[in-house]
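Engineer: This is the structure I want to talk about, given as structure tokens.
The values are calculated or read from the model by the stated rules, or taken from the named source; none is laboratory data. Small disclaimer: the values here were computed from a predicted structure and weren't measured. Note that we place each Cβ from the backbone using ideal geometry, even for glycine, and neighbour counts take in every protein chain shown. For the accessible areas, the whole protein counts, side chains as well, though only heavy atoms, and no ligand, DNA or RNA atoms are used. Shrake-Rupley method; radii C 1.70, N 1.55, O 1.52, S 1.80 Å.
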Amino acid sequence: MPRRIAPPLFLLVSLTLGLALAGPTLAQSGPPALSAQARRDLAVLATAYPGIIAAIEVAPDGRATVALTDGTRLAYDDGRPRTEEEALENPDLRTMLAKPYPLGPVTSEPPLWFSPGRRRVEPLFLALYGHNQAEVRANCRPMPFLGQTMLVNTRFGAAEAFGRAEAALRRLVAADPGMKRFLLPASGGIVWRVVAGTDRLSVHSFAAAVDVSPKGNPYWRNLPRGKNMLAVRQAFPATVVAAFEREGFIWGGKWAEFDIMHFEYRPELILLARLARGESVPLADIGPLVRPVR
């Protein structure tokens with residue numbers, strides 16, 4: 001009996017030991033894991049801008065590179081520490097999306113540098129809307145704005161969202177004509193230029209933003225830094241802000257570096273804000289886009 005039992009026991013022990021030794025190798029051969037934050041952020045980008053992501057390449061350490069449909073490759077998280085100034089000048093995707101945009105009425109003065117939306121990964125916007133002024137213009141169509149007309153980019157739903165926001169504003173102005181002073185005249189269309197004091201392209205370059213009543217609404221560079229603007233922020237009609245936010249636009253009046261006149265199309269930030277306050281938001285399935293790299 002012992003001679004008949006010994007071989008199976010030896011084989012069982014060998015197999016168990018072999019599986020134990022192979023365990024790490026087998027685990028390493030599986031798909032690399034994205035962090036929960038990366039999965040959320042990239043799903044939000046894929047939802048806000050359908051079709052812009054061609055692939056998400058994930059290294060064994062979990063770091064992701066996002067390949068866009070125009071061939072652009074962007075690091076989700078390049079691992080570099082950044083000062084606030086560096087985060088503005090050269091953010092990665094994680095940094096761009098890190099500060100939550102606050103939906104709803106303004107209730108307090110934001111701390112310095114709290115300006116969600118001012119961090120922009122410029123190559124992403126070039127891929128979204130056009131790589132130069134001629135490409136952007138080819139992607140635009142004229143849209144009405146309270147009696148004015150301006151060119152708005154048609155890609156990724158920007159023009160349609162602008163049209164819905166404008167229709168809501170027309171209803172507000174019809175009910176209260178005095179609201180026009182906060183809105184008109186407006187400046188929009190393609191204004192291919194850099195943000196004042198920087199070499200970064202403005203979102204106005206992509207025809208995806210509008211400035212309402214520029215002479216009547218203040219801009220942070222024209223007033224002392226750190227000035228308490230709470231009364232001015234709260235005086236701007238919350239119903240106007242809500243009309244834009246419902247359609248995927250953020251308001252520069254919620255920035256510490258305030259830009260009271262400024263609205264820009266940033267549906268990814270509005271989606272993140274809705275998720276942050278517990279809303280059930282359907283997101284794109286990014287699973288098929290993930291590619292392990294070695």
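Engineer: If you find the alpha carbon centre of region 273-294 and of region 94-145, how far apart are they in angstrom?
Structural biologist: One Cα centre to the other: 20 Å.
Engineer: Note the angle between two axes, namely the Cα long axis of helix 36-48 and the longest principal axis of the Cα atoms of the chain, as a number of degrees from 0 to 90, rounded to the nearest 10.
Structural biologist: For helix 36-48, the angle is close to 50 degrees.
Engineer: What is region 95-187 by shape, rounded, prolate or oblate, if you read a ≥ b ≥ c off the alpha carbon gyration tensor as root eigenvalues and call it rounded for a/c under 1.5, prolate for a/b larger than b/c, and oblate otherwise?
Structural biologist: oblate
Engineer: Now, a different point. May I ask for the angle, rounded to the nearest 10°, between helix 158-175 and the longest principal axis of the chain, with both axes built from Cα atoms and the value confined to 0 to 90°?
Structural biologist: 40
Engineer: Between Ala59, Ala276, Ala174, find the one with the highest GNM mean-square fluctuation for the chain; connect C-alpha pairs within less than 10 Å.
Structural biologist: Comparing Ala59, Ala276, Ala174 in a Gaussian network model of the chain, the most mobile one is Ala174.
Engineer: Would region 100-279 count as rounded, prolate or oblate if I go by the C-alpha gyration tensor, calling it rounded below 1.5 in a/c and otherwise prolate when a/b exceeds b/c, oblate otherwise?
Structural biologist: Details: a/c = 1.36, a/b = 1.14, b/c = 1.19.
Rounded, since a/c falls under 1.5.
Engineer: On to the next question. Of Gly248, Gly188, Gly51, which is the most mobile in a GNM of the chain whose springs link Cα atoms less than 10 angstrom apart?
Structural biologist: Looking only at Gly248, Gly188, Gly51, the biggest GNM fluctuation is shown by Gly51.
Engineer: Then there is this: Note down the magnitude of the dipole of region 100-279 about its Cα centre, charges +1 on Lys and Arg C-beta and -1 on Asp and Glu C-beta and zero elsewhere, to the nearest 20 debye.
Structural biologist: Computed about the Cα centre, the dipole is about 240 debye.
Engineer: Most mobile of Gly117, Gly252, Gly71 per a Gaussian network model of the chain (Cα springs, under 10 Å)?
Structural biologist: Result for the chain, Cα springs under 10 Å: Gly71 fluctuates most.
Engineer: Sorted by mean Cβ packing within 10 Å, highest first, what order do the peptides 146-154, 267-275 take?
Structural biologist: Sorting 146-154, 267-275 by mean packing, highest first, produces 267-275, 146-154.
Engineer: Heavy-atom accessible area per residue, region 100-279, 1.4 Å probe: how many Å²?
Structural biologist: Each residue of region 100-279 exposes 42 Å² on average to a 1.4 Å probe.
Engineer: Kindly express, to the nearest 10 degrees and within the range 0 to 90, the angle between helix 267-276's C-alpha long axis and the longest C-alpha principal axis of the chain.
Structural biologist: Helix 267-276 and the main axis of the chain meet at about 70 degrees.
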